[in-house]
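Accompanying notes for the structure given below.
The values are calculated or read from the model by the stated rules, or taken from the named source; none is laboratory data. Model, not experiment: these values are computed from the prediction. Please note: Cβ atoms are built from the backbone with ideal geometry, for glycine as well, and neighbour counts cover all protein chains shown. Keep in mind that these areas ignore ligands, DNA and RNA; they rest on the heavy atoms of the full protein, side chains included. Shrake-Rupley method; radii C 1.70, N 1.55, O 1.52, S 1.80 Å.
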Amino acid sequence: MISAEGPPLQRAGALVDVMEALPHELRTRGHEVSLALPFYREIRQNRSFKEKDTGITVDVRVGEKSYVAEFLEGRSPSGVQLFLIRCDEFFNRPGIYGEHGQPYEDNAARFIFFCKAALELARRLTPSVQILHAHDWAAALVPVLARAYHLPLANVLTIHHLAEQGSFWGLDFKLTNLHERFFTLRGVEFFGRMNFLKGGILYADKITTVSERYRREMLTPEGGCGLDIVLRENAHKITAILHGADYTRWNPGTDPLLPARYDSATLRGKQHCRDALLNGLELAPAPSGPVFGMVTRVVREKGFEILMPLLDRLLSDDVRLIILGEGDPAYETGLAIAARKFPAKFAYRKDYDEKTAHLIEAGMDISFIPSRFEPSGLSAMYSLKYGALPVARATGGIQEIIEDYDPTLDRGYGFLFYEYSSEAFWDAIKWARKVFRDQPLWATLMERAMSRDFSWDAAAQRYEQLYAQLVGVEKEAAA
């Protein structure tokens, strides 16, 4: 597996969690799985992570220059083999893709280098690699390069975030050192620019995405982020596999990061976590209304453009709001200003912290997921397990995870809205708050939500079947 993000990085976002859980689940099913990612400064400074030098280095051409790739080895917390690609000129920086909301100007060169180095690593591994599984735009050149180099390896590309495509100036194509035939309509060229993700879509043997609803959305002009025509032409290669939640890390009954553990039968511990959350963030205790929360990237696609206009209205009542995450500097500034305006009701923390993230999940009553696009909805899976009922926009994987509460049929456990607008979001918030006032009913909905099971087993089995098709191996599904 090849990804720009993965363990031991710590950040709000699904990709790191997937890169921890999916390889681990495949390993338990008897497969040899390793993950290649860049050796970032954050990993170097992680004192709990121990890496060792493999002694292997290769020269990697990027345009007219050559850079040395050093390969380090380590293990993720769950025991997955990690290969870390070191090139300090590219990766010894404060950020992953950029800083202060601006991408690094040399991202094309950085991730061309990464993809080439990952392929050089794959060629040297024993036993021989059968499948290269690239994740998102930063690794999407891998299938293109593998085809250009005539490597006898099957290629899978998983699209987690279609909106992020790795689009660069056409002049940057020369950094790939590929023949000009790859910079055409049937290659990485897209309206005069170089598009990593388009190349991956064309040259991957199989493409997966993270929910059936998202697969359908990406084939439409509204949800295709400009690539819908390319995706429709390659729809026969696309499979939707709903990802799972890693319950070894995200389970309130066993979570070591919580001050009190609980499950659907003993909810007293959740109240203790709620109190600890408010106290730790120096918010006023015991609100009459709910505690709302979000652990997310602070970007437009996560719905901040419809949340920001509601902050004053929401915080005028006796409620609490906690948001953890970084992203767009404009939204970060707006949240920081609102936190100063309502210091007893609203806390915003920019820097991701694993313990705080878990305490927010456990301490909040209602999670906000007002996303414009929500491919997989992992955050919703975590919220349900921790008994935080979601107010969410019905998009992408959300509709496969959250069942809207229907009092007539006495079914469901979440509060969905469909139109992407502040008013539709506000109506859903009001409905959730009304139900919250009926605490016996709320407890029933919490128990219903916490009983949902989105473990990785089913997803891993489907990936296993996909891999078997590619390598021509017929393998019986594990019992």
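What the table below lists for this structure:
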read-out: Residues located in segment 285-304, provided they are in a helix (DSSP H, G or I) and either of a type in the set (Lys, Arg) or open to solvent by 10 Å² or more (accessible area, probe 1.4 Å) (or both); value: Arg300, Glu301, Lys302
read-out: Odd one out for Asp136 among (1) at positive phi; (2) touching a Pro at 6+ places or on another chain (Cβ under 9 Å); value: (2)
read-out: Number of positions in segment 230-255 that are modelled with pLDDT of 95 or more, charged (D, E, K, R) and in a loop (DSSP other than H, G, I, E, B); value: 1
read-out: Matching entry among Glu282, Glu233 (being within 30 Å of Tyr467 (Cα to Cα), out of contact with any Ser or Thr (no Cβ under 8 Å at 6 or more places or on another chain), surrounded by fewer than 16 Cβ atoms within 10 Å (Cβ to Cβ) and among the acidic types (Asp, Glu)); value: Glu233
read-out: Inter-residue pairs, beta-carbon under 8 Å, first more than 9 Å from Leu197 (Cβ to Cβ) and of a type in the set (Ser, Thr, Tyr) and in segment 141-167, second in a loop (DSSP other than H, G, I, E, B) and open to solvent by less than 30 Å² (accessible area, probe 1.4 Å), 6+ apart; value: Thr158/Asp136; Thr158/Val210
read-out: Single condition Asp59 does not satisfy, out of (1) under 15 Å from Ile85 (Cα atoms); (2) acidic (Asp, Glu); (3) in contact (Cβ under 8 Å) with a residue 12 or more places away in the chain; value: (3)
read-out: Candidates Leu307, Leu258 - the one that is in a loop (DSSP other than H, G, I, E, B), crowded, with 16+ Cβ neighbours inside 10 Å and either of a type in the set (Phe, Trp, Tyr) or at pLDDT 95 or above (or both); value: Leu258
read-out: Residue that is nearest to His161 (Cα to Cα) [pool: residues in segment 206-217 that are assigned to a helix (DSSP H, G or I) and out of contact with any Phe, Trp or Tyr (no Cβ under 9 Å at 6 or more places or on another chain)]; value: Arg215
read-out: Those strands (runs of 3 or more DSSP E) lying entirely in segment 334-410 with at least 3 residues hydrophobic (A, V, I, L, M, F, W, C) and buried (at least 20 other Cβ atoms within 10 Å of the Cβ); value: 366-369, 389-393
read-out: Options Ser66, Ser3, Ser34, Ser48; residue that is closer than 28 Å to Thr208 by Cα and surrounded by fewer than 20 Cβ atoms within 10 Å (Cβ to Cβ); value: Ser34
read-out: Top-ranked residue in segment 411-437 [being over 26 Å from the mean Cα position of the chain (by Cα) and acidic (Asp, Glu); ranked as surrounded by the fewest Cβ atoms within 10 Å (Cβ to Cβ)]; value: Glu423
read-out: Criterion violated by Gly200 - all others in (1) closer than 20 Å to Tyr149 by Cβ; (2) part of a loop (DSSP other than H, G, I, E, B); (3) open to solvent by less than 50 Å² (accessible area, probe 1.4 Å); (4) not aromatic (Phe, Trp, Tyr) satisfied; value: (2)
read-out: Residues being out of contact with any Lys or Arg (no Cβ under 7 Å at 6 or more places or on another chain), under 19 Å from Phe304 (Cα atoms) and not in a helix (DSSP H, G or I) - total across segment 419-446; value: 2
read-out: Hits in segment 443-452 - residues which are in contact (Cβ under 8 Å) with a residue 40 or more places away in the chain and surrounded by fewer than 19 Cβ atoms within 10 Å (Cβ to Cβ); value: Ala443, Glu447, Ser451, Arg452
read-out: Search result, residues across segment 182-230 that are among the acidic types (Asp, Glu) and farther than 25 Å from Leu466 by Cα; value: Glu189, Glu222
read-out: Residue in segment 189-196 that is at pLDDT 95 or above, assigned to a loop (DSSP other than H, G, I, E, B) and open to solvent by 30 Å² or more (accessible area, probe 1.4 Å) present; value: yes
read-out: Criterion violated by Asp88 - all others in (1) closer than 20 Å to Lys50 by Cα; (2) open to solvent by less than 50 Å² (accessible area, probe 1.4 Å) satisfied; value: (2)
read-out: Test for Lys270: is it modelled with pLDDT of 95 or more, of a type in the set (D, E, K, R) and crowded, with 20+ Cβ neighbours inside 10 Å; value: yes
read-out: Residues (of a type in the set (Ser, Thr, Tyr) and assigned to a strand (DSSP E or B)) located in segment 54-78; value: Thr54, Thr57, Ser66, Tyr67
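Results for (1) aliphatic (A, V, I, L, M); (2) touching a helix residue (DSSP H, G or I) at 6+ places or on another chain (Cβ under 8 Å), shown as yes or no for each residue.
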position	(1), (2)
Ala284	yes, yes
Ser288	no, no
Gly293	no, yes
Thr296	no, yes
Phe304	no, yes
Leu307	yes, yes
Leu314	yes, yes
Ile323	yes, yes
Glu326	no, yes
